[in-house]
Every structure is written in C-alpha cells, then in structure tokens.
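The values are calculated or read from the model by the stated rules, or taken from the named source; none is laboratory data. Just so it is clear, the structure is predicted and the values come from calculations on it, not from any experiment. Cβ placement follows ideal geometry from the backbone for every residue including glycine, while neighbour counts extend to all protein chains displayed. The protein model used for the area step is the full one, side chains on, heavy atoms only, and it has no ligands, DNA or RNA in it. Shrake-Rupley method; radii C 1.70, N 1.55, O 1.52, S 1.80 Å.
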Amino acid sequence: MNGLQQLPISLLTWYREHARTLPWRSDPTPYHVWVSEIMLQQTRVAAVLDYYRRFLESAPTVSVLAALPQDQLMKLWQGLGYYSRARNLQKAAIQIMERHGGVFPNAYEDIRALAGVGDYTAGAIASIAFRLPVPAVDGNVLRVTARITGDRGDIATPAMKRRVTQALVELIPVNAPGDFNQALMELGATVCLPNGAPLCERCPAAGFCCAFQKGLTGELPIKAAKKARRVEERTVFLLFHGDRVALRRRPSQGLLAGLWEYPNELTDGTDWLAHWGLSAPGLERAGIGKHIFTHIEWHMAALSGVLDGPDLPEDWVWASQADLREVYAVPNAFQSFSHVVMERLGRL
C-alpha cells in the first residue's frame, strides 16, 4: 500500500513526543493492557480512566476477577455500556485460571481464544504486553491507512481489514511493535479524526499522505451507511413502597443481560401491572427518555406510583437509595429517570 513504507520512523518519532500519558501505558502488564483494551472498545479514553482505576482496585488480578460476584462486576461496569464486555472479561479470566494456571497466555493464538477477544484486541495485547510483531487493526488504524494510501475500499468490510492487516504485517517494526500499534491508534484518535476535519498540519504522515496531498480527507475513508435502527416505544414503571423502589433483573441472555432495571415493557396497550399481579392506583407520568443501542432505539415514557403491598414477582427486588448507589447496576438506558427515583426516595 503506497505511502505506508514511509510511516514507521516518522510515526514512532511523533508518538514518543506526543503520546498521551495513560495508566495502562505506564504499567503495560498483560492484565492491565487487556482490561484497558476491553474498556476502550466503543468508549472514549476520558470516560474509561476512572472506571479503569476503580476496576483494578476491586479486581487487581486475574484470579480476583474470575471469582468476583456478578452483581459486583456489573456495578463496577455501570455506566460504561456494552455490558457483554464485562461478562466476557470474567469468562476469559476463568479460562485463564482453568487453562493457563492463572498466568496470562503469551502466544497470539491463546490470547485470541479468550472470550471477548477478537483479532484487534489479541494483536494489541500481544504487541504491547509481549512485544510480538502482530498488527492491531481497529477503526482508527483503518481510517489512517485508508487516507495515507488513498484506498477507496469500504473500511467496514472484512476484505479491507485483511488488506490493511497484511500491509502492516510487512512493515511493523520488530523492535517496537507495541509502540507502533499504539502510535497508529493515537494518530487516529487525536489527529486523523473520525468526526470532523483531520488535523493534518500536526500529522507526521502529511508529507506522504495521499488524502492530504490530493485534498481527499473529506472523502476518505469510505464507509457504507449503517442500517436504520429499530425504534421501540416502551413504558417504564417507577414503583415504590416505603423508602424503596422496585427493580427487575433482566434475562441472562440478550440486551443488557443480567442487569437490574426499572420494570418496562413495550407500549402495546397491555395492562402490565395486572399482568404482573400488582396494583398501584393513580399512576402519574414521570418523564420521558431515549436511549440508543447499536441496533435498537428505545423511546421511553415513565409512570410512577406506590404499590399496594410489598410482594413482588420472581426476579424483582426492593432497592433503597443506598442499594442503588452501592449494590445494583442499573444501566444508563434508564438515566433519564434516575433523578426522579433518587429524589422520591430522598423525601421518604
């Protein structure tokens, strides 16, 4: 791929001068790199920093993570989203304990075989923690290479990813593979930006970047439009009894699996309280909210009221204000209603 051959020296020189100071870079043990890379999937660095610190305080080693109670794990992850990442982290920790005697595997194939670890994450861990000359190709890397080379392939396709990966295999520096991979990611995150104009005047590749030289930075990379998300209209029930609010655990599979939520269902005319065997006379409107998942968009309207009695269906619990803060992980999908709940409980 034209232009890439000139990249390693200039990129590494730039990275060693401009790299952000991040905790997992300062102490790149396999465990630290792994946890950080999983957290950084679909999530900005600034949002991850405090979560990373708190997570390592509660789960400083693979063995502790493997044995962590599920509710504690989910509480640590609350607010980061994409909760399957946390479940896969624990699954992988258990695999490391059972298959590798608690020692993080140092071969690419063994790392790639861990739950929740794909090609990119395996490449990042292998190169950064074990200095193996393996590429780590994510969206940032695909964008950077497409612009440098002028490649008009769709960066969302497996064919484009294979082409970029093969090109990087041939030029990744064997004496600094981790720095090279991190430098590419850093360039994409801070200079060759995904949204808005790239900061080409700061880029070490400007002198040989096809997109910059030909004025194509607004056209590249090529990425096919995503399919429209399905919209669901849902009713959320904020149900109180004394100084507690009702929570329901979601199913163990599927969207937000295993997390706690304010009971909610599709708005389809069903009398859901009667369906659940509950009674809360005089329900009042308590606000609206919207949450966007990868493939689904929830439009929510909340109803609030006091249940006639303390009995709840199976897999429901009563939660106090302290429980909501310290015990139960309620996902950000319901953040629009959290202040209503906390103010109500605070008055009682």
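Here is a check on your reading of the model: is I94 assigned to a helix (DSSP H, G or I) and open to solvent by 30 Å² or more (accessible area, probe 1.4 Å)? Criteria met by I94. Among the residues of the range 212-225, are any of a type outside the set (F, W, Y), over 26 Å from L345 (Cβ atoms) and in a helix (DSSP H, G or I)? Looking through the range 212-225, at least one residue is of a type outside the set (F, W, Y), over 26 Å from L345 (Cβ atoms) and in a helix (DSSP H, G or I).
Residues that are in contact with a helix residue (DSSP H, G or I) (Cβ under 6 Å, 6 or more places away or on another chain) and open to solvent by 40 Å² or more (accessible area, probe 1.4 Å) within the range 266-296 comprise just one, H291. Residues in the range 163-194 that are open to solvent by 40 Å² or more (accessible area, probe 1.4 Å) and within 18 Å of A126 (Cα to Cα): T165, Q166, V169, E170, V174, N175, D179.
Residue count for the range 227-243, restricted to those that are under 10 Å from P263 (Cβ atoms) and surrounded by fewer than 17 Cβ atoms within 10 Å (Cβ to Cβ): 0.
Of the listed requirements (1) under 29 Å from P28 (Cβ atoms); (2) over 24 Å from the mean Cα position of the chain (by Cα), H241 misses just one: (1). Residues that are open to solvent by less than 30 Å² (accessible area, probe 1.4 Å), within 27 Å of G346 (Cβ to Cβ) and assigned to a loop (DSSP other than H, G, I, E, B) within the range 244-265 comprise L256, L259, Y262, P263, listed in sequence order. Look at (1) more than 20 Å from T190 (Cα to Cα); (2) without any contact (Cβ under 8 Å) to a residue 40 or more places away in the chain; (3) in a loop (DSSP other than H, G, I, E, B) and you find that V137 fails only one, number (1). Restricting A211, A197, A159 to residues that are modelled with pLDDT of 95 or more, over 14 Å from L11 (Cβ atoms), open to solvent by 20 Å² or more (accessible area, probe 1.4 Å) and among the aliphatic types (A, V, I, L, M) narrows the list to A159. Residue count for the range 108-127, restricted to those that are of a type in the set (S, T, Y) and open to solvent by 10 Å² or more (accessible area, probe 1.4 Å): 2.
Screening the candidates L266, L303, L283, L324 for the property of being in contact with a strand residue (DSSP E or B) (Cβ under 9 Å, 6 or more places away or on another chain), of a type in the set (A, V, I, L, M) and closer than 24 Å to D71 by Cβ yields one hit, L324. Considering only residues in the range 4-62 that are open to solvent by less than 20 Å² (accessible area, probe 1.4 Å) and assigned to a loop (DSSP other than H, G, I, E, B), the one that is farthest from D151 (Cα to Cα) turns out to be A59.
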